[in-house]
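Engineer: Structure provided below as structure tokens; questions to follow.
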């Protein structure tokens, strides 16, 4: 987990933003928005180019999360996209570990420790905190896992599944 957290922070520091669209652009990853029937998004590598495709039908709050998640795949799982002949096969065969790593990366990229702890200091519920931070509760749960890993004591409310974005 340490490698994922450090890498996300290096990107935030390098690009001086937590905006995954700006970071993807800075890294040379093209982000396209297209209508997708069953998917929220996916990552692919083709002809020496990297692409994040996001379902254009998603609400504007969810699009940055999907972009950050897929950017996690770009940063840590590019080999899966390089060596899979059919994108559909790769998506259906993604193991829990790559999905968990992409979710941890997205949580660290999108949510600063300070922002989360500030909201929690206001003595509000976990679900209201997620609403105030404009993220699904599952992503906040991944950030809680990160904060616990860093030694901050928090009470877990959820045990978010690694594939929560597939629902």
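Engineer: Here are a few candidate values for mean projected area of the Cα convex hull in nm²: [x] 10.5; [y] 11.5; [z] 9.4. Which one was actually calculated from the structure I just gave you?
Structural biologist: [z]
Engineer: Take every DSSP beta bridge with both residues inside the stretch 2-166 and express the antiparallel ones as a percent of the total, to the nearest 5. The partial results should precede the final answer.
Structural biologist: Working: 6 of 12 bridges.
If we restrict to bridges inside the stretch 2-166, about 50 percent are antiparallel.
Engineer: As a test of the formula, what do you get for the chain when each DSSP H run with n ≥ 4 contributes -39,500 (n - 2.57) and the sum is divided by the residue count, at 222 nm and rounded to the nearest 500 deg cm²/dmol? The partial results should precede the final answer.
Structural biologist: Numbers: 9 runs with 92 residues, N = 167.
-16500 deg cm²/dmol, from helical runs alone.
Engineer: How many nm separate the modelled label positions at residue 58 and residue 113, each set 7 Å beyond the Cα in the direction of the Cβ?
Structural biologist: Output for this residue pair reads 2.7 nm.
Engineer: Something else now. Between residue 25 and residue 150, how many nm apart are label points set 7 Å from Cα along the C-beta direction?
Structural biologist: Once both label points are built, they end up 2.7 nm from each other.
Every number in this text was worked out from the coordinates using simple rules, so none of it is lab data. What you see is a predicted model; the values in this text were computed from it and never measured. Quick reminder, even Gly has a Cβ in these numbers, built from the backbone with ideal geometry, and neighbours come from all protein chains shown.
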